[in-house]
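Q: Quick one: the structure is below, questions incoming.
All of the numbers you see were taken from the coordinates with simple rules; none came from a lab. Note that the coordinates shown come from a computational prediction; the quantities given were computed from them, not determined experimentally. No Cβ is skipped: glycine too gets one built from the backbone with ideal geometry, and neighbour counts run over all protein chains shown.
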Amino acid sequence: MQRHARAVVIGGGCVGAGILYGLARRGWSDVALLERTQLTAGSTWHAAGLVPSYTRNFNIGRMIAKTIEIYEGLEADTGQSVTGSMNSKAI
């Protein structure tokens, strides 16, 4: 375990994982994510992918669209295979 970090994100649900991913994309390497047991074990375990099928709020709709945009580029960014399919045109 690291002894120090530039940033510590508490909670590995949809928001915590998204914040950590954003920091890593910006070049932050001295970061840590703390979760009580395992990734997505917290209060957003049901929405770790953060892709609900509907929204009534414009800003949440923008957040969902950005999430889908990130997922669509995830394999190219990480070199890791991404399973499933999403279509940002559906929103």
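Q: Which FRET efficiency, nearest 0.05, do ARG36 and ARG3 yield, Cβ-Cβ r, R0 30 Å?
A: Efficiency, rounded to the nearest 0.05: 0.90.
Q: Amide H of LEU33: which non-local residues (sequence gap of 5 or more, or other chain) have their own amide H closer than 5 Å, using H built in the peptide plane?
A: VAL9
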